[in-house]
Amino acid sequence: MTVTSATSVSAAIRRSGGRGMALGAGLVVLALLPLAAGASPYLLGLLISALILSGLALSWALLGNLGGMVSFGHAAFFGVGSYASALLAAKLGVPVLLAIPLGGVIATLSSLAMLPALRLSGPYFALAILAYAQIFRILATELDWLTGGAAGLQRYPGLPTLFGINLADRAGSYVLVLACVALFALVYVVLRKSHIGTALRAISDSEDATRVVGVNATLLKSWMLFLSAFIAGVFGALNAHIIGFLEPDYAFSGIWSVMPIIAAVFGGYRSVLGPIFGAVVIYLFDQVIAKSLIPVGHQILLGILLAVMVLLAPNGLSGLVARIFSKTAEKHHAGA
Amino acid sequence: MLELDAVTVRFGGLTALANISFRIKAGEIVGLVGPNGAGKTTLFNSISGLVKARGRIAFDGKDVTGLPLHKRARAGIGRTFQIPQPMQHLSVRENLAVAQVFGAGRHDEARIDEILAVMELSHKAEADAATALALQELKRLEIAKALATEPKLLLLDEVLAGLESNAKKSFMVKLKELHKLFGLTIVIVEHDIETISGLCTRAVVLNFGQLIADGTPTEVFNNPAVVESYTGTAHA
Amino acid sequence: MTELILQALFSGVLIGGVYALVALGLALAFGAMRIINLAHGELVLLAAYMAYLVESRTGLDPYFAIPLALVVVGAASWALFLLVDKIQDHRELNSLILTFAIGIILTNAILLIFASDMRTTSSPALQDAVSLGDVFAMRGEIIAFVLSVVLMGVLWWWLKSSWYGRAVRAVSSNRNAARLMGINPARIETVSFLVAGALAAFAGVALYTMSVVQPATGHALTVKAFIITVLAGVGSIPGVFLGAVLLGVTEALTVTLASSALQELAGMVLFLLVLFLLPNGLFGARARRG
Ligand SMILES: Nc1ncnc2c1ncn2[C@@H]1O[C@H](COP(=O)(O)OP(=O)(O)O)[C@@H](O)[C@H]1O
Ligand SMILES: [Mg+2]
């Protein structure tokens, strides 16, 4: 890429419409990925799981970036969404494509129980959510009349066929999950540009100054919690119908709390594309490279990656990219 | 417009405000005077809802004592911070937009431009509020933010401090202009006796959390207790 | 039934001693630097595995591992401090993520080196049952409890009377004021992390002699320590001790009266109850609301 085109790209990104363009371009790349991957079922399966994680990471980053809250317990929403949707479809015969958003709604309802935690400052909130995630996992194990207990759930409907596309096959699932990621990314972008997004940007570092001009900080933050829980619940539900079995230790696994953090921090949790791509890279790295290097304990590599990113590039890959672009642009200006 | 009844604030063992009662009528410009640590900022904090106070605070005929901060702002209480607190990560214009949308409940760019022009911040409208403004600009932004919420009552905390005397005079003119233009009631914390006399119809004096005088500036500054409270501190 | 309950109370109190050491380490680092060290439980775990290493390699009593544990865990705690100290922006948030990452690294390193099996002491002397009236305990449990209480006493005395202790308290109540008093916060922070590491070293070895450990134990310990500081309100050693005993007893009673699957749930529920109903902790120490 020449300096001039790099400059024009960075200028485009900085223009207000640039974010949307970058987002669109990013999603086109994701849509084309399976072609590059030769659409082998194995790779497609990996990419579906990676995108599920993208959605979860997006939901985590939304809470972190707009809500100013670090969650160590997104597994709670993910697990509630999975179980709720699977149970609605299996026990009440709710159509799967309706059960999935309802899974999100029920995850949101479960986040109501966390509202009191919003008044807590940083670390206390983070750990309170962790406690919730543990409680939900134990409840899912103990309420076996509803959830099947530790043995889990196996018989519940998978994804249906819609407009002639079989969503249950790999390509169909991929398209559906990608569409959901795109939809929520769009919601995120619109929200961030709104006045609510602007106010939220200010709240984390100037709470008093923001409240004193009439912003109900607690209310806005609780909306972010609800939205984040909804998104996580939807992806939990999607995942449940794609893989076809659930057990508490899987659906509420700490993995669903840890991976979105690593993915979002790696990609840059203050951007929209960062968590999405961060998740794809991190997931593929973990499954394809780390697991083959270190079968047991491969998460050590993720831990190292996370630590290195926080220390050296706290704004993640997207921050690095932005910095490179703006440096190139500066050089260009200086030369001109 | 504003009624305080036996307002008391304690920080641990320290009584920052003791039984403060007074009323302010609509349209007044009141000077709030007192040595450092007298409790002036704390009084603003309790009126705007930033600290919890005992006693009763009524605004526009309604008891606001139990209301949270943001509701008081929406009810029409605007304030500035002695140490400017711009909303970080936002531009100057975004600062005003947030204040307007949430504090006044509407979005009106033309009015934001008007406020920017009055507060002489138009040239910095797109600048990052937290990093790109000089101290005096930050102070003007404090007032601009408060104005954007379309307040009825404006609490100004030492907005004139640090200005040299000519700048101070023109700023006083500006405040009078704002008072008329926006139909405001103003309470202003200020140390300078001349400024208070030139600007205010009334002055209220605090010392050690107590209200020690209330009257016209001339009356108040000739009050022996007030004179003593000033000469008794390093301030004078 | 009453005997079972008495026994549960007794066991809960004994494990509470070690929990208190873990929690005090966490509280010390929090007091000095205002950060929650999410890898603190893993530091304790590291010490426990040092005890396992010494016992399994040399056949010595695990308490002989204390010097090794002090060196290894002290160094790890210090390294952790140096890393956390490098964080510039969004300190609170980024330090949480960083220490969380270090916790993942330590847990998995231990998993890689020592495998996922549960470990506990094989020393018959420590596992001997001792009866005190109607209740029983392993000798290891009693030694660990006594050791914990003694260490708490030492820490209490040290914080009360040494220059460092006063400085630590000054720094944790007000960094800038402390700086004005000529105290160098960086030095205090270093000492706090070293002492936190030392406490973790003792706690880990003690834990190994009275209970089972496995790689996942570290994370659970961090959470327990955090729960205890919430119960106690960060502040006083007796408060932390009472909070720790309360947690230990709650867990033991849950296991006795309900099921061991609910043990963790009990702690969490206790935690949330106190967090929401008693925002200043059981003993009303210090506000933590943002
Ligand atoms: N948040 C607070 N916590 C503890 N003490 C405070 C707090 N705010 C103000 N004070 C104390 O209350 C007294 C009054 O302070 P303040 O209202 O700022 O005085 P002024 O604005 O008149 O200079 C001072 O002694 C100050 O130290
Ligand atoms: Mg003041």
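The values are calculated or read from the model by the stated rules, or taken from the named source; none is laboratory data. Since this is a predicted model, take the numbers as computed values, not measurements. Here the Cβ is made from the backbone with ideal geometry for all residues, glycine too, and neighbour counts use every protein chain on show.
Residues B:Val9, B:Val33, B:Val51: which one is over 13 Å from the mean Cα position of the chain (by Cα), within 13 Å of ligand 1 (Cβ to nearest atom) and closer than 17 Å to B:Thr80 by Cα?
B:Val51
Look at C:Glu55 and say whether it is within 14 Å of another protein chain (Cβ to nearest Cβ) and acidic (Asp, Glu). Explain how you work it out, then say what you get.
Working: within 14 Å of another protein chain (Cβ to nearest Cβ): no; acidic (Asp, Glu): yes.
No.
Taking interchain pairs and intrachain pairs at least six residues apart, which have beta carbon atoms under 6 angstrom, with the first residue in segment A:107-120 and within 14 Å of chain C (Cβ to nearest Cβ) and the second charged (D, E, K, R)?
Listed by first residue and then by second, the contacts come to A:Leu118/A:Lys221; A:Arg119/C:Arg289.
Among the residues that make up segment C:56-66, is at least one of them of a type in the set (A, V, I, L, M, F, W, C), within 26 Å of C:Ser123 (Cβ to Cβ), out of contact with any strand residue (DSSP E or B) (no Cβ under 6 Å at 6 or more places or on another chain) and not in a helix (DSSP H, G or I)?
For segment C:56-66, residues of a type in the set (A, V, I, L, M, F, W, C), within 26 Å of C:Ser123 (Cβ to Cβ), out of contact with any strand residue (DSSP E or B) (no Cβ under 6 Å at 6 or more places or on another chain) and not in a helix (DSSP H, G or I): present.
Working only within segment B:128-149, note down all residues that are small (Gly, Ala, Ser) and in contact with a helix residue (DSSP H, G or I) (Cβ under 6 Å, 6 or more places away or on another chain).
B:Ala129, B:Ala144, B:Ala148 - these are the residues of segment B:128-149 that are small (Gly, Ala, Ser) and in contact with a helix residue (DSSP H, G or I) (Cβ under 6 Å, 6 or more places away or on another chain).
Got a sec? Which helices (runs of 4 or more DSSP H) wholly within segment A:206-297 have at least 1 residues that are within 14 Å of chain B (Cβ to nearest Cβ), within 17 Å of the chain's Cα centre (by Cα) and surrounded by 24 or more Cβ atoms within 10 Å (Cβ to Cβ)?
Of the helices (runs of 4 or more DSSP H) lying wholly inside segment A:206-297, none has at least 1 residues that are within 14 Å of chain B (Cβ to nearest Cβ), within 17 Å of the chain's Cα centre (by Cα) and surrounded by 24 or more Cβ atoms within 10 Å (Cβ to Cβ).
Taking the conditions exactly as written (in a helix (DSSP H, G or I), within 16 Å of ligand 1 (Cβ to nearest atom), touching a helix residue (DSSP H, G or I) at 6+ places or on another chain (Cβ under 9 Å) and not small (Gly, Ala, Ser)), does B:Ile196 satisfy them or not?
Spelling it out, B:Ile196 is indeed in a helix (DSSP H, G or I), within 16 Å of ligand 1 (Cβ to nearest atom), touching a helix residue (DSSP H, G or I) at 6+ places or on another chain (Cβ under 9 Å) and not small (Gly, Ala, Ser).
Pairs please, first residue from segment C:97-122 and in contact (Cβ under 8 Å) with a residue 24 or more places away in the chain and more than 9 Å from every other protein chain (Cβ to nearest Cβ), second anywhere and surrounded by fewer than 18 Cβ atoms within 10 Å (Cβ to Cβ) and of a type in the set (Ser, Thr, Tyr), Cβ atoms under 7 Å, 6+ apart in sequence or on different chains.
none
Pairs, please: C-beta under 6 Å, at least 6 apart or cross-chain, first residue farther than 17 Å from B:Ile83 by Cα and within 14 Å of chain A (Cβ to nearest Cβ) and in segment B:38-63, second basic (Lys, Arg) and away from ligand 2 (no atom under 13 Å from the Cβ)?
B:Gly49/B:Arg72
Taking C:Trp78 and the conditions (1) surrounded by fewer than 17 Cβ atoms within 10 Å (Cβ to Cβ); (2) out of contact with any Gly (no Cβ under 8 Å at 6 or more places or on another chain), which numbered condition does it fall short on, given that it satisfies the others?
Unmet condition: (2).
Of the numbered conditions (1) closer than 29 Å to B:Ser229 by Cβ; (2) within 14 Å of chain A (Cβ to nearest Cβ); (3) free of Cβ contacts under 8 Å to residues at least 40 places away in the same chain, B:Asp128 satisfies every one except a single condition; which is it?
(1)
Going by the conditions given, is C:Asp89 facing another protein chain (nearest Cβ under 7 Å), at pLDDT below 90 and either touching a His at 6+ places or on another chain (Cβ under 7 Å) or loosely packed, with under 13 Cβ neighbours inside 10 Å (or both)? Write out each step before concluding.
Details: facing another protein chain (nearest Cβ under 7 Å): yes; at pLDDT below 90: yes; either touching a His at 6+ places or on another chain (Cβ under 7 Å) or loosely packed, with under 13 Cβ neighbours inside 10 Å (or both): yes.
Judged against the criteria, C:Asp89 is a match.
Mind listing whichever residues of segment B:1-52 are within 11 Å of ligand 2 (Cβ to nearest atom) and not in a loop (DSSP other than H, G, I, E, B)?
Taking segment B:1-52 as the starting set, the residues that turn out to be within 11 Å of ligand 2 (Cβ to nearest atom) are B:16, B:32, B:34-45.
Correct list: B:Ala16, B:Leu32, B:Lys40, B:Thr41, B:Thr42, B:Leu43, B:Phe44, B:Asn45.
Does A:Ala168 meet the test of being surrounded by fewer than 19 Cβ atoms within 10 Å (Cβ to Cβ), in contact with a strand residue (DSSP E or B) (Cβ under 8 Å, 6 or more places away or on another chain) and among the hydrophobic types (A, V, I, L, M, F, W, C)?
yes
For the list (1) of a type outside the set (Val, Ile, Thr); (2) away from ligand 1 (no atom under 16 Å from the Cβ); (3) within 19 Å of the chain's Cα centre (by Cα); (4) modelled with pLDDT of 90 or more, I need the number of the one condition that B:Ser122 fails.
Looking at each condition in turn, B:Ser122 falls short on (3).
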